[in-house]
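Colleague: My questions all concern the structure below.
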Amino acid sequence: MDEDAEALRSAPPVVGEFFDRISAPPEWFDPQVVYAGCRKFHAYSDLFLTSFVTDIIVRGFTTLISQSFFITGRLTDRGVRRLRQNIRHLLEIMLPGGLERHGEGWKLSVRLRLVHARVRQQLLASEDWDQEAHGMPLSVAHIALASCNFSGMMLWAAGRIGARLNDEERDSFMQIWRYAAWLMGVPDALLFRDEAEAREMFRVGYMCEPPFGVEAIAMAISVINSAPLVIGIEDKDERKALLSYGYRLSRALLGDELADQLMFPKSRTTGALVYLRMRRRIQEVIDALRGPGQRAKGLRTQNFMTMLDISVLDEEGISYRLPDELHGDASRW
């Protein structure tokens, strides 16, 4: 990861060949294109993060991906740490320079690819995985589906609660995720080109998924229940209030049918998304009338610091070690 030439020389040749193949970006990726998407992501990072937790990750776990996570127990047992890792990856790829070879976004994207490969190997060797019924665990098709969810679907979800991006900013956001997906191992044949294609690929791919079971329900509930702890709320009453809000917002974004299937608490969501969009728009108008955007700059700084705070792990941070056991976490990685 750190371009240690001596370490690569002592590693098996296939390791060096792997890093040689991915060290240079593909021809279609323009590093200068990412800045518009980075800026707008941080302008609305609170909305992107909200949609990421209450819609995108939850929706993603209604696919067969939930089977892999449920079997390993790495979200149900250690949900806070795993959710923080996901948020940290999102933050790092959205920083200027994050996807350059030395950037943390580049390294964390490749790390995910290696972790998926290791868990795939462990699942195939395990009696817990029914390959005849479920196919290849953490397949490139599912990684491609997830990348469409994290990109095109996240733009759509964030827009539903108030994020407003122009065409240039949307395309920039998509190119960031397209390159991240390429680093995570999505082959060209399954790699989206733009937002419309990503959303269509997700729609078609999602239709091909089998009905989800208790694993998806457990994973979805684990995500929502982890959210208050991720942002540092430990007071029982505050946590209860935030959980209620999280379930209500998730229901509004996912729709009643899917929320009911996931056994989310019943709640009224009429007007919830309209209210959130209106509140954000009113605040933007007030900021514009106040003058040179000082509050907007302050809000972006506050949002960025909040993202940093909630993505901070323990003192070990994120390592590049791979999981040594299928179940649980004997190693910290």
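The values are calculated or read from the model by the stated rules, or taken from the named source; none is laboratory data. Small disclaimer: the values here were computed from a predicted structure and weren't measured. Using ideal geometry, Cβ is built from the backbone for each residue, glycine included, and neighbour counts are taken over all protein chains shown.
For (1) surrounded by 22 or more Cβ atoms within 10 Å (Cβ to Cβ); (2) touching a Leu at 6+ places or on another chain (Cβ under 7 Å); (3) of a type in the set (A, V, I, L, M), each residue gets a yes or a no:
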residue: 159; (1), (2), (3): no, no, no
residue: 164; (1), (2), (3): no, no, no
residue: 172; (1), (2), (3): yes, no, no
residue: 179; (1), (2), (3): yes, yes, no
residue: 206; (1), (2), (3): no, no, no
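Colleague: When residues of region 195-231 are filtered for being at pLDDT 95 or above, over 19 Å from residue 134 (Cα atoms) and touching a helix residue (DSSP H, G or I) at 6+ places or on another chain (Cβ under 6 Å), how many remain?
Modeller: Total satisfying the criteria: 4.
Colleague: Just to be sure I understand, how many residues within region 104-130 are of a type outside the set (A, V, I, L, M, F, W, C) and farther than 18 Å from residue 185 by Cβ?
Modeller: 5
Colleague: Collect the residues in region 115-154 that are of a type in the set (A, V, I, L, M, F, W, C), at pLDDT 95 or above and touching a Leu at 6+ places or on another chain (Cβ under 7 Å), keeping them in residue-number order.
Modeller: Within region 115-154, 140, 141, 144 qualify.
Colleague: Still on this structure, I have one more. I'd like the full set of residues that are surrounded by 10 or more Cβ atoms within 10 Å (Cβ to Cβ) and under 24 Å from residue 322 (Cα atoms), limited to region 18-40.
Modeller: Once the filter is applied, which keeps residues that are surrounded by 10 or more Cβ atoms within 10 Å (Cβ to Cβ) and under 24 Å from residue 322 (Cα atoms), region 18-40 yields 18, 19, 20, 22, 23.
Colleague: Every residue in region 105-153 that is in contact (Cβ under 8 Å) with a residue 12 or more places away in the chain and among the acidic types (Asp, Glu), please.
Modeller: Listed by number, the list holds a single entry, 128.
Colleague: Considering only region 1-116, give the helices (runs of 4 or more DSSP H) lying wholly within it that have at least 3 residues that are more than 16 Å from residue 180 (Cβ to Cβ) and aliphatic (A, V, I, L, M).
Modeller: It comes to 5-10.
Colleague: Further, regarding this structure: Please go through region 172-222 and pick out each residue that is among the aliphatic types (A, V, I, L, M), closer than 12 Å to residue 262 by Cα and touching a residue at least 24 places away in the same chain (Cβ under 8 Å).
Modeller: 216, 217, 218, 219, 220, 221
Colleague: Quick one: would you say residue 132 is farther than 30 Å from residue 277 by Cα, among the acidic types (Asp, Glu) and either in a helix (DSSP H, G or I) or under 19 Å from the mean Cα position of the chain (by Cα) (or both)?
Modeller: So residue 132 fits the description; yes.
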